[in-house]
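I'd like to ask some things about the structure below.
The values are calculated or read from the model by the stated rules, or taken from the named source; none is laboratory data. These numbers were taken from a predicted model, which means no experiment stands behind them. Note that we place each Cβ from the backbone using ideal geometry, even for glycine, and neighbour counts take in every protein chain shown. Side chains are part of the model used for accessible areas, which takes the heavy atoms of the whole protein and leaves out ligands, DNA and RNA. Shrake-Rupley method; radii C 1.70, N 1.55, O 1.52, S 1.80 Å.
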2 protein chains.
Amino acid sequence: MSAAQVVRRVAVFGGTHGNEMSGVYLVKRWLQNQEAISRPSFQTVPCIANPRAVERCRRYIDVDLKMLKMLIDDLFYSMEAPPSTAPYEVHRAVELNKKFGAKGESFDVIIDLHNTTSNMGNCLIIGSSTDSFTLQMAKYLVQWSGLVCPVFLTENPAPHLKMADTTSMSAHGIGLELGAQPQGVLLADVYLRHERLVHTCLDFIHKFNQGEIFPPATLEVYRILHVVDYPRNKDNELTAMIHPELQDKDWHPLKPGDPMFLSMDGKTIKYEGESTIYPAFVNEAAYYEKGIAFWATQKETLNVQELQVKA
Amino acid sequence: MSAAQVVRRVAVFGGTHGNEMSGVYLVKRWLQNQEAISRPSFQTVPCIANPRAVERCRRYIDVDLKMLKMLIDDLFYSMEAPPSTAPYEVHRAVELNKKFGAKGESFDVIIDLHNTTSNMGNCLIIGSSTDSFTLQMAKYLVQWSGLVCPVFLTENPAPHLKMADTTSMSAHGIGLELGAQPQGVLLADVYLRHERLVHTCLDFIHKFNQGEIFPPATLEVYRILHVVDYPRNKDNELTAMIHPELQDKDWHPLKPGDPMFLSMDGKTIKYEGESTIYPAFVNEAAYYEKGIAFWATQKETLNVQELQVKA
Ligand SMILES: [Zn+2]
Ligand SMILES: [Zn+2]
């Protein structure tokens, strides 16, 4: 049995990446009409996380906001302001931390809306296998959103492999990573799924605040193992692409011997690992520059503790 | 009966838009191995049209190269060099003109490789309903490539609506606009279709040079009528998105009363034109900034004259 603090403040971030359109347009709409995402027991604040990137419809201006968390913690967190020469996103991350973080208004939950060009469906991204509140929220989405929601767990034994994310400045956080949607394109279907998932999160939080007990449960997750890069030449250019049989197959098992890449002149390159993996973020546009063709994950079942609001 | 000059020089452009990846990677490969696209009766030259945009994986640096044709004609064509303050793409367009245009090596055919986020399949873009060479080449692709190839005709009675394009500096030109592929993503399937279409073009040109007679034919085309923009507010932001029933339905008839847009708060906006149109470039990422939700086209059947090489 685990008890968590009542939730007073929830932030919904869109445009952490400026060319991921369904979060951008939902948050813009909610900024005009905050009532649509309000619930009686807590305050919900919508926020365009990277407004300059949104304006220019780019992922970021200088550096990827999503990757800044550790930088902020290590370097800038205690500063009043970063040096004026710092990249735009560093300034913005410090602003966001001051507003939403522990030294600011101390938001309890951050919901961060993202899109991917990968065929990941309604992916929920969580950072911890032990935060009962977030795990119960994910379980609630899986059970009650009416959508198939694979859960991507970014917690890994190797600390340098921890994916940083914008939600980590609050007590609890979840990323809603919906695809497939091209950068700079708004698909109505994705927009409607994103909207439904946010409402389901808010419903969960309200029920939690009201004292509802969420029973012990199990939750199937895909835990990150390592990244797999494209084959490249000495100029760092791709010499092969995702194999047609792997394309769009996020969350499907990739077994030793399965086709993985297709070289530019038509040769199949097989997966030669020792055990079955479950690829995610297959062929994500933003990951070419990061050296990621896909994330290898393993399937696990987590035990989720019973949850109730702290009396 | 129509006779055209023998073809001596063919250029294959990739990266006219730097984030359209199948053309970029095909041309990079062919630059390493020009033999793959050579034919005995003519020279084929691959070219990355906008190298700086390719390097940064963006559509363009300062202005869209595809839209520069008229500017070049009117303003810069007779100049030795544009002013140094001119946008990068103006410099590049003048360079391309000097190399491939009538005052340079005078290329006979330009094949321009593009990708779109729209579900347009293997779209052939042609600029004229009277150039028998290009029409016969399109017909040959339709008949012999083994791929379904809708033909998009950019010729319109209103001259200001003529879509400019990079191929117009040569005697004949064709755009191969393949989708759906997100910007910055390389899909093996699209790459292989692009490769096959280029080879089919080259086969056609070689047969033509060899004296093969291409009989009179008809060709079904979609002729541009006008653009349809998204509903927008006073800040020019979208207030509606492509309706799920129109999404991915490029080339399908849109009849008066059919759903066209879905407003951000869920209301359907119907098409209220007087006659059936055939949308193309539905929800293309690059066209949001240009005020284009899709191009309205009409279906027509063109008569194509018999073609033979000039004796
Ligand atoms: Zn993102
Ligand atoms: Zn293009």
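With respect to the numbered conditions (1) of a type outside the set (Gly, Ala, Ser); (2) at pLDDT 95 or above; (3) open to solvent by less than 10 Å² (accessible area, probe 1.4 Å), which one is the sole condition not fulfilled by residue A:154?
Among (1) of a type outside the set (Gly, Ala, Ser); (2) at pLDDT 95 or above; (3) open to solvent by less than 10 Å² (accessible area, probe 1.4 Å), residue A:154 violates only (2).
Every residue in the range B:83-97 that is assigned to a helix (DSSP H, G or I) and away from ligand 2 (no atom under 16 Å from the Cβ), please.
B:88, B:90, B:91, B:94, B:95, B:97
Please enumerate the residues belonging to the range B:232-248 that are surrounded by 15 or more Cβ atoms within 10 Å (Cβ to Cβ) and over 19 Å from the mean Cα position of the chain (by Cα).
B:238, B:239, B:240, B:241, B:242, B:243, B:244, B:245, B:246, B:247
Taking the condition of being farther than 14 Å from residue B:96 by Cβ, modelled with pLDDT of 95 or more and either within 16 Å of ligand 1 (Cβ to nearest atom) or within 14 Å of chain A (Cβ to nearest Cβ) (or both), how many residues in the range B:33-53 meet it?
Going through the range B:33-53 one residue at a time, the tally reaches 1.
Restricting to strands (runs of 3 or more DSSP E) lying wholly in the range A:187-264: which have 2 or more residues that are within 27 Å of residue A:135 (Cβ to Cβ)?
Passing ranges, in order: A:217-228.
Let me ask something additional. Out of the residues in the range B:269-290 meeting the condition of being away from chain A (no Cβ under 14 Å) and not charged (D, E, K, R), tell me which one is surrounded by the fewest Cβ atoms within 10 Å (Cβ to Cβ).
Applying the first criterion (away from chain A (no Cβ under 14 Å)) to the range B:269-290 yields B:270-280.
The next check asks that each one be not charged (D, E, K, R); those that pass are B:271, B:273, B:275-280.
On the way: B:271: 19, B:273: 17, B:275: 9, B:276: 13, B:277: 23, B:278: 21, B:279: 24, B:280: 23.
The selected residue is B:275.
Considering the range A:194-223 alone, what residues qualify as being within 14 Å of chain B (Cβ to nearest Cβ) and open to solvent by 40 Å² or more (accessible area, probe 1.4 Å)?
Those that are within 14 Å of chain B (Cβ to nearest Cβ) and open to solvent by 40 Å² or more (accessible area, probe 1.4 Å): A:196, A:199.
I'm checking my understanding of the structure. Among residues of the range A:98-144 that are part of a helix (DSSP H, G or I) and open to solvent by 30 Å² or more (accessible area, probe 1.4 Å), which one is modelled with the lowest pLDDT?
Only one residue fits best here, namely A:98.
Restricting attention to the range B:251-263, which residues are within 14 Å of another protein chain (Cβ to nearest Cβ) and crowded, with 18+ Cβ neighbours inside 10 Å? Quick ask: steps written out before the conclusion?
From the range B:251-263, those within 14 Å of another protein chain (Cβ to nearest Cβ) are B:259-263; that's our starting set.
The answer is B:260, B:261, B:262.
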